[in-house]
Each structure stands twice: as C-alpha cells, then as structure tokens.
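**Student:** Below are the structure tokens for one structure; questions will follow.
Where a number appears in this text, it was derived from the coordinates with a stated rule and is not lab data. From a predicted model like this one, the values you see are computed outputs, not experimental measurements. As a convention, Cβ positions derive from the backbone with ideal geometry for all residues, glycine included, and neighbour counts pool all protein chains shown.
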Amino acid sequence: MKKNLLYIIILAALVLAACAPAAPAVDEPAPVSPSGEEPAGEEMSDRCGDKSKLAEEIFLYNWSEYIDPDIMDQFEEECGVKVVETNFDSNETLLATLQAGGADYDIIIPSDYMVSTLIDEGMVMELDYSVIPNIANMDATNVNQYFDPEQKYTVPWFWGTSGFGVDTNVVDEFSPSWSMMFDPNSPYCGQISMLDDQRETLGAALMYLGYSINDVDPAHLEEAKNLLIEQAKCVKAYDSQTNDDLLVSGETVLGHMWTGDALLAGDPETGGKDGVVYVIPDEGCTIWQDNMMIPIGAPNPYTAMVFMNYTQYPEIAAQNAEWVGYATPNEAAKEFIDPEMLANEGVYPSPEVEARLQWIEDVGDALTLYDRIWTEFKAAAGS
Ligand code: SPD
C-alpha cells in the first residue's frame, strides 16, 4: 500500500474535518434523486449529499488494484456507507457478469469501447450530474469522448496505455518495439507475459503486424492469431492481474501490461523493484479510459452517484492517482500530485507519442469474428 507525505497530510485534514462542526452546504447544487425527491436541508453535507437518502452499503465492481482502499474507508467514516468491492479482469468478464444478471452492482468501471456496448445494449443508466458536480473538475479532453459524446452516462476514472514493462536488471539492451515481445528467437523466451485480454492481446499482435487495432479483415485477424500462437511457446503467463508481481519476482522480464501495473512493479515503495521500466512501443499501443457507470437495476443509484462525486474531490482524486499509478482525468487534482509523476511520459505521454496510440472501438458484428479468433488462439496456446 502506498504511504507518502501527501497521503498523511490528506488523512490529517480529513480527521480535522471530521472533528469540526458540519458545514452547511451552500454552493452545492441540490441533489435530485432518481425518484425526484428533494433532500432535507439539514441532512446535507458537503461531501455526502443528502445523508437521509444514503444506503448503508454500495457494491463496486472494479478492476484489481484500482482504488486506494483508504478512500473506501474514508467514505464509510465520513458518510456512513460501506463500499463492498469485487474485481473483474477484463471488459468481457464484466459484460458477461452483467448479462448473466446474477449480481446487483451499483458502480461498474468499464473501458471506452465497452461503454459504447453497454449504452447500445441499454444496460446502463443516465447519470444525474447535479449529484456529481465534481464532473467539472475533469480535463476537457477526458469528457465528451467518442464513447459518451453528450456526457450522459460516465464519470471518468483513470486513463492509460497498454505497452510493456521491462526488467532492465536482466534485459540490459532493448528497443521500444513490439518485436521484444514477439521475436520467436527471443533470448527471454519463457520469461514473457501477455495480457489475458481479447482486444488488448489481439490488438498488440495487430499493431505489430502494422494493422489497426480495430481491424475487422478476417485475413488480418487470422495472421494476428497465428503470430500469437507462434509466440505462445515463449509466454510464461497470460495474466492481467498479477503480471506486475511476476516481474517483481523475476519469473518474467518482459510483460505486456497497463501503465499503472508497470509503475507499481518499478517502485520499491509499493513492493516493486528498481530497474523495471515501462515502454510505449514505437509501433504504437492502446490508449484507453476507464469510467464509472451505473447499471440498470442498481439497488442504490443515488448513493452510487454520491460516491462517484466523493472520489473526484481534487485531494481524493490525487490520493487515488498516486496509489494506483495511472493518469488522472481530474485536472483539479493535478496540483496535489507529485510533480515527478506528472512529468513521467510513460504516464502522461507527450503529444508526439500520443499520436501513435489507438483507441479500441466497439467492432459491432465483427465481435463474433474476434470471439472465434480468440477462442481458437486460446485452444491452440493451451491457456
Ligand atoms: N490494475 C487496474 C487496471 C485497469 C486497466 N483497465 C484498462 C483496460 C484497457 N482496455
């Protein structure tokens, strides 16, 4: 768990705030519940909305290592709501869970292309942004994105890229190229991990081959599949959740992974080790943005929106960004973030690098082709 000076200062401020008399909500727009009920004024507090409307607990379905647990504890202490978190490992798992209808989540955190799918399938609700005024803290580039152009359904969470981590203690010479991962004669054969993620892993192969990450040409996808099958003999693990641990333990020296996981693996203060670096390949890689949403049928939508808003106060968003190691979409949080992290071009790529990045998009009917190619690859790779 990350402990740093910023966190200690924030915690001290929260304790002091908790001891102070509750300030009346003056500037905050009055929350309007999905039922349209007006909240009672004396029940309002700055960061908890209308306390009389809050549920005792909410259910968060999130990627692993993707929220500072202290923020959930702080929310419970301040607003009296317990956040129960469970994790998923890919957008496809998230979709399958929702389609199976077995779980009543209040907040989910899908990526860009999955946001499009969930909206098109009518599986998510429009948000009441009067309960989420902190949406105004977002950088203009992170709202009204292609997957939610009118900003009706989402609150940005984090954004990042999908390059690879390198343990330079072992890999002393490397080039910023996907060839490091796909070379069939790699000296690091057997010490490589790839994300276990249909769109990301096929996407890496497509980009190495010079195709778009959203290519729907069956011949190109067949080529990408064959490349992945050839690579499989060198792959130690297909893993999206503990790939950072594999780098730290030395089981792998090259790992296809998301920005924050490489950062954690390279930071001795978070249990990582010196010498692990994050690389954005010259051929390009995925850029993505994860977002909070509320599924249709969520038991506690008002409380969910209060929590969404809570996480986007600048100090809290900064605390979270430093803990997870990803780029924040919250512009107002940046003054509270370690300047070294803000200057890290692996986390906040320069415009030149950004020009080489590609967004994954919903491929519509071609999804069945992707599903088939992925299933065939997994069967051939025995994973
Ligand atoms: N450890 C949390 C990782 C969250 C990454 N989400 C990225 C999805 C990109 N398609």
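**Student:** At what distance in nm do the modelled label points of Glu173 and Lys82 sit from each other, each positioned 7 Å from its Cα along Cα→Cβ?
**Tutor:** Using points 7 Å along Cα→Cβ, the separation is 5.8 nm.
**Student:** Measure off 7 Å from each Cα along the Cα-to-Cβ vector at Asp217 and Lys233, then give the distance between these two points in nanometres to one decimal.
**Tutor:** Output for this residue pair reads 2.8 nm.
**Student:** Modelling each spin label as a point 7 Å along the Cα-to-Cβ direction, I'd like the Thr93/Ala343 distance in nm, to one decimal.
**Tutor:** 3.7 nm
**Student:** Stretch Glu315-Ser249 to full length: gain in nm at 0.36 nm per residue minus the Cα-Cα span?
**Tutor:** 20.5 nm
**Student:** How tilted is helix 314-324 with respect to the longest principal axis of the chain? Cα atoms for both, answer in degrees (0 to 90, nearest 10).
**Tutor:** 30 degrees
**Student:** What does the charge dipole of the range 222-326 about its Cα centre add up to, to the nearest 20 debye, if the Cβ of each Lys and Arg holds +1 and the Cβ of each Asp and Glu holds -1?
**Tutor:** Result for the range 222-326 is approximately 280 debye, rounded to the nearest 20.
**Student:** List the relative contact order of the range 234-383 as a percent without decimals, with contacts defined as Cα pairs under 8 Å and 6+ residues apart.
**Tutor:** This gives 21 percent for the range 234-383.
**Student:** Let me ask something else. Can you tell me the 0 to 90 degree angle between the C-alpha axis of helix 218-231 and the longest principal axis of the chain, rounded to 10?
**Tutor:** The two axes meet at around 80 degrees.
**Student:** Moving to a separate point now. By how many degrees, between 0 and 90 and to the nearest 10, does the Cα long axis of helix 367-381 differ from the longest principal axis of the chain?
**Tutor:** It works out to around 60 degrees.
**Student:** Under 8 Å for C-alpha pairs, at least 6 residues apart: give me the relative contact order for the chain, rounded to a whole percent. All intermediate terms of the calculation are to be shown ahead of the outcome.
**Tutor:** On the way: 672 pairs, mean separation 93.9, N = 383.
With pairs under 8 Å counted, the relative contact order is 25 percent.
**Student:** What is the P(r) of the chain, as percent of Cα-Cα pairs per 20 Å bin from 0?
**Tutor:** Calculated over all Cα pairs of the chain, the distribution is 28, 56, 16, 0 percent.
**Student:** Could you calculate the FRET efficiency of Ala380 with Ser350 from 1/(1 + (r/R0)^6), where r is the beta carbon distance between them and R0 is 41 Å, rounded to 0.05?
**Tutor:** 0.60
**Student:** Something else: Can you count the Lys pairs in the chain with C-alpha separation below 22 Å, eight or more apart or on different chains?
**Tutor:** The number of close lysine pairs in the chain is 13.
**Student:** Most exposed first by the Cβ proxy, i.e. fewest other Cβ within 10 Å, how do Val166, Val353 rank?
**Tutor:** Listing Val166, Val353 from fewest to most nearby Cβ atoms yields Val353, Val166.
**Student:** Taking the Cα centroid of the range 72-124 and of the range 197-213, what is the distance between the two, rounded to the nearest whole Å?
**Tutor:** When both Cα centres are located, 26 Å separates them.
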